[in-house]
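Here, each number is a calculation from the coordinates, and none is a lab measurement. Please read all numbers here as calculations on a predicted model, not as lab measurements. Positions of Cβ are backbone-derived with ideal geometry, glycine not excepted, and every protein chain shown enters the neighbour counts.
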Amino acid sequence: MQGKILITGASGQLGSVLTMELQRRFGVANIIASDLKQNETFIGCFEVLDVTNFEAVNTIVSKYNIIQIYHLVAILSANGEKHPLDAWELNMKTFFNVLEASRINKVKKIFFPSSIAVYGDNAPEDNTSQDFVLSPSTVYGISKVAGENWANYYFEKYGLDIRSLRYPGIIGHQSLPGGGTTDYAVDIFHKAVNNEKYECFLSASTTLPMIYMDDAIRATIELMEAPLEKISVKTSYNISGMSFTPEELHKSIQKIHPEFEIIYKPDFRQNIADSWPNSIDDSHARNDWNWKPKYDLSSMTLDMIKNLEEKYC
Ligand code: AKB
């Protein structure tokens, strides 16, 4: 490789798994993982990096001759609603620092994660179109809409190649989510394989778009590897995997663990979930760079339980 790849937020739910996949593809020495803290099990090159500090970001980008950045640092929807101004400050400042360090050091490609949280109450619930007007209900969603527009601005103004996906809730056995509204769909599996009851913070009938980790990682890398001329969406692509309610997920888990129990105690996250679509239309991603998910509710459930049982036993 001509230079190295930097991941910010590399100790997080997506970052930790994406880092391993990038190490596998491009070699451990070519991947610089960064975060405020290193995971205990991490193997490879790691930098403690506070992405709110521009000088620190700029130094790492220039020191390692970084040619690609996956910028995964963010405060998610639920935590963002507890501290709205901090969430805005962190989500925007870190992205600006990455954009500016990339412009100055001529980074070739940047990945910026957006979210289904860009949509709000006014959007159609089913198969919400890529271009429907964005009226987010959370600070997290507002920061993602702003980020998408800044990505487009840096592309138009400076020619920076920034690519982005609007992730649904991500479900994986490798890592734990933190501070999101879709986190229940991971937490529930840990309770099920440990024979514990799960108390769900969303109501039984709340449908949300979700994606399995393997599909999310594959989508991210396929988007980053697509030829530039195939990228018609310069803000962020909708991608979808599957949609289900907590009740449907419970039934799917009960096919393997029939005794598994759930109780419903919706909290403030219910309002956030109610403002998001049930499903989103990802035809632009399918047409432009051949996106297609592999996992549905039952194959995801089987794989999650198999892997978590191996981990806990
Ligand atoms: C969250 O729940 O905040 C995230 C997301 C859907 O972006 N998982």
What ranking do L228, L72, L90 get, fewest neighbouring Cβ atoms within 10 angstrom at the top?
-> L228, L90, L72
Hey, fewest Cβ within 10 Å first, where do W88, W276 land in order?
-> W88, W276
Of N91, N195, N58, the most mobile residue in a GNM of the chain (C-alpha springs, cutoff 10 Å) is N195
Would you work out which of I263, V193, L228 lies farthest towards the positive end of the dipole of the chain? Charges go on Cβ: Lys and Arg +1, Asp and Glu -1.
-> L228
Restricting to lysines and to Cα separations under 19 Å from K144, and discarding same-chain partners fewer than 8 apart, the set is K82, K93, K109, K234
So what is the relative contact order of the chain, in percent, for Cα pairs below 8 Å that sit 6 or more residues apart?
-> 18
Dividing the helical contributions, -39500 (n - 2.57) per DSSP H run of n ≥ 4, by the residues of the chain yields a 222 nm value, nearest 500 deg cm²/dmol, of -13000 deg cm²/dmol
Fewest first, what order do S11, S34 take by the number of other Cβ atoms within 10 Å?
-> S11, S34
Charge dipole magnitude, Cβ of K and R +1, D and E -1 - the stretch 112-238, Cα centre, debye nearest 20 | 200
Taking every DSSP beta bridge that has both residues in the chain, what percent is antiparallel when rounded to the nearest 5?
-> 10
A student applying the Cα gyration tensor rule (rounded when a/c is under 1.5; otherwise prolate if a/b is larger than b/c, oblate if not) would label the chain prolate
Name the residue farthest towards the positive end of the dipole of the chain from the options V48, A78, N127, assuming +1 on Cβ of Lys and Arg, -1 on Cβ of Asp and Glu, about the Cα centre.
-> V48
Would you work out the charge dipole size for the chain about its Cα centre, treating the Cβ of every Lys and Arg as +1 and the Cβ of every Asp and Glu as -1, and quote it to the nearest 20 debye?
-> 1000
Calculated P(r) tail over 17 Å for the stretch 40-105, as whole % of Cα pairs = 46
